[in-house]
Amino acid sequence: MSNDKQQTAIGIVNHKIDNLEWAFQFNNDVPVMIAEYINGKREMNLTIGDTSTSNIVFSDGNGNTFKIFAREKGGNK
């Protein structure tokens, strides 16, 4: 038995986006823009508070929604 391992080099290129926007996407549907870079920091931050009504909901306009929310640990839907 041989313990020889073949290694493959993988190059990852990070390309800075000039005309920048942030989007979300359900499966392979059309991406939906949620924010764009105008003048300022080149990052998007989402903050959710610590109350039962704190949430962020993404909707694609086709009835699909994705919700991020605060809840008690071990909570059910």
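Points to keep in mind about this one:
- Straight Cα distances below 16 angstrom link Lys67 to the aspartates and glutamates Asp50, with same-chain residues fewer than 8 positions distant left out.
- Across Ile38, Ile12, Ile48, mean-square fluctuation computed from a Gaussian network of the chain (C-alpha pairs under 10 Å connected) peaks at Ile12.
- Distance cut-off 17 Å, percentage of C-alpha pairs in the chain lying past it: 68
- Max mean-square fluctuation residue, GNM over the chain, Cα-Cα springs under 10 Å, options Val30, Val57, Val13: Val13
Read-outs: derived from the displayed coordinates by stated rules, not from any lab. The shown structure was predicted, so the numbers you read here are calculated from the model rather than taken from an experiment.
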